[in-house]
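See below for the structure under consideration.
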């Protein structure tokens, strides 16, 4: 009965979404106040109904109701409760239900909290948001119903993919979807503005908090996925340039560009058409990511489905929304003329360069991701585009971005002088040079990657500190504490990017890897540590059998760690997983993996010493924290500045 309630709630949500898509849009066009006001209760009602459906599916998983096909295919009675719950979205149908739940959550939030929006603009925004809901609710109901029943329910299920039975991946999809789907709000604001033919400072003020929230959640989601890959897959890496990883990274890059571009629109009322285009493309790349994960056109360990029919449906959604928005953009863009001019050496010029670098970097990732598919379709050739291509093609843009970011953050609006801007940054430059010299001195082989990456990271961190200090007007620490939260958030986010730069470059340049066959009692040396394989035993788990090794790590005769790597086998799916044992540290990680037994005796063992690995996720956390601090600024949350701009917003852009 619970499954039927959930299915019925989805059908009602589909009907409400159709109402939300049509009635408020017509009301806004004709000036019918009642129809305009209907957008808000419709958005809230849609969220409530989808919430009921999601709760019903969650209840089916918790109670192991194997009469529901989705539960049978993705759960098991022996599975721990955490993974019964996360199994709700650990599959195609459930993940799409989570997708539309988050979509409706953003719509309901806009209906509830954006009280300062002009009624017609709010109606159009919620109407566009409702149209996206119609498309994806239709996709679920007609191709991916999560409530399909089995005529003869089995006694037990097939279990969840063992790779998904992990705390890191349990929380990775919700955060990733909050970012993916959150960009739909920027898209809805862009389309609504195109329909009205008006883009101004007030519009930029309204769209920025939604974009910032989406970017922040996307940062957390990507970081969680990278962290999971680092410790769960056992290959020792944090980023594989997998198509699905790239599918989340491209919207992140474009969302970062959109955030910076919206600043220019808000402060100077220039780059209007470019900002609208970025809002469309950021969500468009989110839809591309959804297509990649669920169509099966590109092979990935992250894929949820491989049904071409579903892929065609999502491709149609992508074509309708992005194609329609771009068509509307082609008609409206000429009317969105800039109201001011600026010199190349100015804050506007720096933000333009920032946008170019981020957009081109996203395009490079896109080309590398889809090129194997294009080559196979066009020439029948199977190609593989891996890390070497991305590292060589993508890295230069990030290097230039890191170089110009501190300069662009402090240069004046409209016109600046480079010599005057560089003067306050002498301290940051001295810090960067000192770090580079230190890294060069301790590097074995004098790795250029370590020296350059660490220097750029120090430059970003020092530049963020200088930016904060300059905003005090040299008034001292008392003024520093009173700075707006948005200023603090920007500095923390930029510093977080610098920390990530240091972590990535030093890890890739300095990590030590050792692969060998070790027998019980063997001791071997890795990067100054002595590692002893003391024991290997079979250990039962709640729904798996594990081969667990006991490995002692010493240095200079003193014990550093006692680690227990595992090789697990899940009997229901007959699938093995690797559980690396990691001793995390601020400046290095010890990373041990136990492999399969060897014919001549002993076990395959992989050992890594990974310098500064934790700095990668520390930097990501700081970037997300910076977004949260900025979002807590009252000017962002209630668009206080937008209220002052509303009278001017009443006139179409010339």
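What the table below lists for this structure:
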| read-out | value |
| --- | --- |
| Test for residue 167: is it out of contact with any strand residue (DSSP E or B) (no Cβ under 8 Å at 6 or more places or on another chain), surrounded by fewer than 18 Cβ atoms within 10 Å (Cβ to Cβ) and over 30 Å from residue 628 (Cβ atoms) | no |
| Selection status of residue 347, buried (at least 18 other Cβ atoms within 10 Å of the Cβ) and out of contact with any helix residue (DSSP H, G or I) (no Cβ under 6 Å at 6 or more places or on another chain) | yes |
| Residues of the range 498-547 classified as buried (at least 21 other Cβ atoms within 10 Å of the Cβ) and in contact (Cβ under 8 Å) with a residue 60 or more places away in the chain, total | 15 |
| Filter pass, residue 77 being in contact with a helix residue (DSSP H, G or I) (Cβ under 8 Å, 6 or more places away or on another chain) and either in contact (Cβ under 8 Å) with a residue 60 or more places away in the chain or under 30 Å from residue 189 (Cβ atoms) (or both) | no |
| Any hit, the range 232-242, residues being assigned by TED's automatic domain parsing to the domain that holds residue 200, assigned to a helix (DSSP H, G or I) and more than 22 Å from residue 388 (Cα to Cα) | yes |
| Residues located in the range 143-174, provided they are part of a helix (DSSP H, G or I) and without any contact (Cβ under 8 Å) to a residue 40 or more places away in the chain | none |
| Residue match in the range 328-348 (condition: within 28 Å of the chain's Cα centre (by Cα) and closer than 30 Å to residue 467 by Cα) | yes |
| Members of the range 20-61 that are buried (at least 17 other Cβ atoms within 10 Å of the Cβ) and over 30 Å from the mean Cα position of the chain (by Cα) | 23, 24, 25, 27, 28, 35, 36, 38 |
| Residue among 94, 27, 48, 90 that is at pLDDT 95 or above, touching a helix residue (DSSP H, G or I) at 6+ places or on another chain (Cβ under 7 Å) and either part of a helix (DSSP H, G or I) or in the same structural domain as residue 212 (by TED's automatic domain parsing) (or both) | 27 |
| Qualifying residue in the range 150-160 (condition: in contact with a strand residue (DSSP E or B) (Cβ under 8 Å, 6 or more places away or on another chain) and modelled with pLDDT of 85 or more) | yes |
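The values are calculated or read from the model by the stated rules, or taken from the named source; none is laboratory data. Because the structure is a prediction, the values reported are computed rather than measured. Every residue, glycine among them, receives a Cβ derived from its backbone with ideal geometry; neighbour counts consider all protein chains shown.
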